[in-house]
Each structure stands twice: as C-alpha cells, then as structure tokens.
Amino acid sequence: MRTSTGLAAALLFVVSTSCKGVPEHVIQPDEMSELLADRYVAEAVVDYNNTHWRTDSQRIALRDAVYGRHGVTQADVDTSLDWYGHNIARYMDVYDHTIEILEARVARSDTRLRAEHNLTIAGDSVDVWPDSRFYAITRRSPGRNICFALNSDQNRERGDYYTWRAKFVNNSGDASWTIVAEYADSTLEYIAERISGNGWHEITLQTDSTRMASRIYGSLMLSGDKSAPMWLDSLSLVRSHLREDTYARRYKQRIIKP
C-alpha cells in the first residue's frame, strides 16, 4: 500500500511538472522563437560578410541590437536557454517554431526569384540557382534530398561550367552531391562527390566545349542523425563561360553514353 501511494505521488509530480507553464522570468515560447530566428539571421549576416564584421566588439554590438529589439539582455537569454535546456519538450516546440519562422521569411524573400524562374540571365558568371537559398532539415521534413533542374536557355554556351555552393550547419554525417549535364543525344556527363562537416562546400561540373548541354540537373543527399536538425544556407549555382585554364578539371568527370 505504501509502495502504491509513493508511486502515485511520483506520477502526480511528473504530470504536474510536465504540464506547468513557462515561468515569468523566462522568455516566452513565441517570443523566444522570434528571437532565435533573428539571432540566426544576424549570425548568417556576420558569417557572409566577415570582412565587415571583423572584431568581436562589432559582433557583440549586432547581437545586442537583436536582443534590444526584443527588450532582453544576454543574461535574460542565458537564463531562458538554461530553463529550456531542462525542459526539452518545450525547447523542441520553440525550435520547430523558429524553423517555421525562418522558412516563412525565406519564402517571402524568394517570391520574386520564383516568379522569375523561367527568365534567362545573361553574363559571363551568373547565379542561376532556381530555388530557395535556405533549407532547414528537421525531424518533420519529408526528406533529406535537395534537387534542381535547368533547361536550356539562350545564354547557355558550349563549355560552360557550373559551381554549386552552400554553407552546411550542424552537418553530423556525410553528404553526397552530384551535378549532371545531359546532351542532345542523351549522353550524360556528371561529377559526384562526398563531403562532411560544417562550413562552405562546393562542387563544379565542366561541360563539353564541343557541344551544348540541353539540361543541367543535380541532387544533394544528406545522411547523419535524422532526428538532429541541420541547415543549408546561401545556396548558389554559378554558371560561368568556358575558360581554358580550368577546362582540365573535366578529367574527373564520368560519361554515360546511351
């Protein structure tokens, strides 16, 4: 009887603890999600423009500006993160909402890009990436693959080369990515590489200088812990016209004939 009473008391404690609200001294979930989204954007700005944000004092000033916008201090953020760290279910809710906020912002910023997707772009070196610049891969994502395809346009030339680049954040496993050129006779030429770790990575495909590629497409396949979130930021696909000093890179590529 005494054991049953003790067990009931323990269960009651667990239930009451899990159902309790967020304390007043902790930044509330919705506000915390907005703050974390703003902080991530600020960190991305610093990383992308590190020549401008060179000193620690400049970076701290930017971080404090983000906190000031939300009316909090570093101490408030530290206290809140400590509480959420001891309440993982709450933290995961905050984190999921942060991802939703970032994805919504990216979707808004990409509206013009998507609308102009079918327009051709002239120039010796242009970014022809057709999709979102930011991807958040979470436990709720339908998959861990990113693909693209580009049909021919009037500005494509023989011997163009394509460099696909992205910044990987929290990349816990290997990733494999591939770029393929398809020619009019259905011949495929491709390069495939594996990368691991965080930071900037890129892959480059050199097309044949004697014929025009009818289609360029590629895929990125992510591995690692599927429950662990990761980000891909600042995706780009730069098309450059033929250069004799870089054409030799084509020896690394493989060709599949029909």
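The values are calculated or read from the model by the stated rules, or taken from the named source; none is laboratory data. Quick caveat: nothing in here was measured; it's all calculated off a predicted structure. FYI the Cβ positions are ideal-geometry reconstructions off the backbone, even for glycines, and counts take in every protein chain you see. Just the protein is used for accessible areas: all its heavy atoms, side chains included, with ligands, DNA and RNA removed. Shrake-Rupley method; radii C 1.70, N 1.55, O 1.52, S 1.80 Å.
Please specify each residue of the stretch 177-187 satisfying the condition of being surrounded by 15 or more Cβ atoms within 10 Å (Cβ to Cβ) and either assigned to a strand (DSSP E or B) or of a type in the set (A, V, I, L, M) (or both).
TRP177, THR178, ILE179, VAL180, ALA181, GLU182, TYR183
Suppose the filter is open to solvent by less than 20 Å² (accessible area, probe 1.4 Å), under 23 Å from SER125 (Cβ atoms) and in contact (Cβ under 8 Å) with a residue 24 or more places away in the chain; does ALA213 pass it?
yes
Can you tell me which residue among ALA166, ALA149 is aliphatic (A, V, I, L, M), in a strand (DSSP E or B), modelled with pLDDT of 85 or more and open to solvent by less than 40 Å² (accessible area, probe 1.4 Å)?
Going through ALA166, ALA149 in turn, the sole match is ALA166.
Please find, among ASP82, ASP96, ASP76, the residue that is closer than 27 Å to GLY21 by Cα, at pLDDT 85 or above, of a type in the set (Asp, Glu) and surrounded by 14 or more Cβ atoms within 10 Å (Cβ to Cβ).
Step by step, each of ASP82, ASP96, ASP76 is checked, and only ASP76 is closer than 27 Å to GLY21 by Cα, at pLDDT 85 or above, of a type in the set (Asp, Glu) and surrounded by 14 or more Cβ atoms within 10 Å (Cβ to Cβ).
List the number of the failed condition for TYR247; all other conditions in (1) at pLDDT 90 or above; (2) open to solvent by less than 70 Å² (accessible area, probe 1.4 Å) hold.
In the conditions (1) at pLDDT 90 or above; (2) open to solvent by less than 70 Å² (accessible area, probe 1.4 Å), TYR247 misses (1) alone.
Let's see how each residue does on (1) among the hydrophobic types (A, V, I, L, M, F, W, C); (2) modelled with pLDDT under 80; (3) over 25 Å from LEU232 (Cα atoms):
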| position | (1), (2), (3) |
| --- | --- |
| SER18 | no, yes, yes |
| HIS25 | no, no, yes |
| TRP53 | yes, yes, no |
| ARG69 | no, no, yes |
